[in-house]
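In what follows, a single structure is set out as C-alpha cells and then discussed.
Laboratory data are not the source of any read-out in this text; all were calculated from the coordinates shown. Quick caveat: nothing in here was measured; it's all calculated off a predicted structure. Neighbour counts run over all protein chains shown; Cβ positions are idealised from the backbone, glycine included.
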Amino acid sequence: MNPNPTTTTHDDGLEWLRDIRRKLLKDADGDLKRLGEHYRQVEASEKDKVRDPRKLLADAARNAGV
C-alpha cells in the first residue's frame, strides 16, 4: 500500500514532461487560469510552430482510411 496517496509513480518514460508541467504550474502560483493565459500567449506568439490537434487527428484518420 502506498503510504503517500498523493504521489503516483509512472514507468512510462514521461516524467520529464510531468516535471515541466509541474514547473509551469508552480511558476503560475498554482493558478490554472494564469497558466492557461500563459499557454494562450505562447500559442499566439508561436503560431507557426503550434499545430491544431484536431487537424492532426483528422489528417491521421484520413491517411489511415478511417
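As an exercise, use a Förster radius of 25 Å and the Cβ-Cβ distance of Asp48 and Arg21 to find the FRET efficiency, rounded to the nearest 0.05.
For Asp48 and Arg21, the calculated efficiency is 0.60.
Could you tell me the largest-minus-smallest coordinate of the C-alpha atoms of the chain on each of the three principal axes, in descending order and whole angstroms?
48, 32, 18
From the residues Ala58, Gln41, Leu25, which one has its Cα farthest along the dipole of region 23-66 in the positive direction, the dipole being from +1 and -1 charges on Cβ of Lys/Arg and Asp/Glu about the Cα centre?
The one lying farthest along the dipole's positive direction is Ala58.
Spin-label point model (7 Å from Cα, Cβ direction): what's the Ala28 to Ala58 distance in nm?
2.6 nm
Check the straight Cα-Cα distances from Lys33 and name the aspartates and glutamates below 16 Å, setting aside those fewer than 8 residues away within the same chain.
Within the straight-line cut-off, Lys33 pairs with Glu43.
Expressed as an acute angle from 0 to 90° and rounded to the nearest 10, what is the orientation of the C-alpha long axis of helix 32-45 relative to the principal long axis of the chain?
Compared with the principal axis, the helix lies near 40 degrees.
If you place +1 on the Cβ of every Lys and Arg, -1 on the Cβ of every Asp and Glu, and leave all else neutral, what size is the dipole of the chain about its Cα centre, to the nearest 20 Debye?
Roughly 240 debye, rounded to the nearest 20.
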